[in-house]
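Report on the structure given below.
What follows is calculated from the coordinates using simple rules that are stated; it is not laboratory data. This one's a predicted model, so the numbers in the text were calculated from it and none came from an experiment. Here the Cβ positions follow ideal geometry from the backbone for every residue, glycine too, while neighbour counts run over all protein chains shown.
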Amino acid sequence: MNQAAHIPVMLEEVLEGLAVRPGGCYADGTFGRGGHARAILDRLGGDGRLLVMDRDPAAVDSARRQWGRDPRVVIRHGSFRRMGEEVRRLGWLGRVDGILLDLGVSSPQLEDPARGFSFREEGPLDMRMDPTAGESAARWLARAGEDEIARVLKEYGEERHARRIARAIVAARRERPIETTRQLAAVVAAANPSREPGRDPATRSFQAIRIFINGELEELKAALPEMLDLLRPGGRLVVISFHSLEDRIIKRFIREQSRGDRHPPDLPVTHVHLQPRLRPVGRARRPRPEEVARNPRARSAVLRVAEKL
């Protein structure tokens, strides 16, 4: 595993956004390998608390090895969509000072060929963030119709040649099952006439299938409103996204919650009467050039921070 796997993205900006207090209560919904969590814990005192969650059993095992005996840390296996359940169980409802989500696939997942996320190495075509649950990419591609595959590639990967690639996938699987990452990458590359500079022709298709298989956008849409109830007034929501579709969801959510209730345009009400629930903290931030040079994974990151009113 290369050095980038151990470098948390936009660490200083995350800590600034969370405004960590020594006695505060925080939740990291995407533990990964704990780079952000470690920095949060370094700033917590004995009374501070941190809930860490991840869908990936390997990430949860890593958390338990690092902090299984730390009384300040609660470790749970599961999606951040279940954060509300865990916070209620812990009695933290309305008391959480900060929530962090670092979306997308982690470097350890990308760099393990057995997980099937990367087209650069040969491996089983799995792509599940939790390999113990749900349907693998290979099984879905074996049964999905051309229309469904084309829709996924277009909707989640913004792939212009979605129909052409879907047709090629269906034709290829008639000859032999598509079961490995390089098999799929070869089929996509042969069907994709685009050659974007610095981008493999399979990039968008792999990204789209991964997002679909894991229900990433749907989970994000469902989880964000629930997280508002978990935060105390003044608590912070910090989200790092790596895909324009993710960032669009987050941006829209913060904007809508900062506007408050909808009302007829001619109704004489003030902003206070609309009961806004969030306020954006600064503008969207991107990694500094020196961070991108040190950790190329950070190049597409966008960080947004909002505070509960």
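Cβ crowding within 10 Å, taken as a proxy for footprinting-reagent exposure, orders GLU148, GLU159, GLU111, GLU196 from fewest neighbours to most as GLU196, GLU148, GLU111, GLU159. Where in region 77-120 is the amide nitrogen less than 12 Å from a point lying 7 Å along the Cα-to-Cβ axis of ALA133? It comes to 77-83, nothing else. In the list (1) 20.5; (2) 17.7; (3) 15.6, the label attached to mean projected area of the Cα convex hull in nm² as derived from the coordinates here is (2). Coupling constants for region 220-227 follow from the phi torsions by the Karplus curve (6.51 cos²θ - 1.76 cosθ + 1.60, θ = phi - 60°), and in residue order they are 5, 4, 6, 7, 4, x, 5, 5 Hz; glycine and proline get x. Take the alpha-carbon centre of region 53-95, take the same for region 13-36, and report the distance between them in whole Å. The distance from the Cα centre of region 53-95 to that of region 13-36 comes to 13 Å.
Would you please give the FRET efficiency between GLU256 and GLU218, computed as 1/(1 + (r/R0)^6) with r the Cβ-Cβ distance and R0 = 25 Å, to the nearest 0.05?
On the way: r = 18 Å, r/R0 = 0.71.
The calculated FRET efficiency here is 0.90.
Here's the list of aspartates and glutamates a cross-link from LYS221 could span, going by alpha-carbon distance under 16 Å and ignoring same-chain residues fewer than 8 apart: ASP102, GLU155, ASP229, GLU246, ASP247, GLU256.
Amide H contacts for THR180 (H built 1.01 Å from N in the peptide plane; partners 5 or more residues away or on another chain; cut-off under 5 Å): LEU125.
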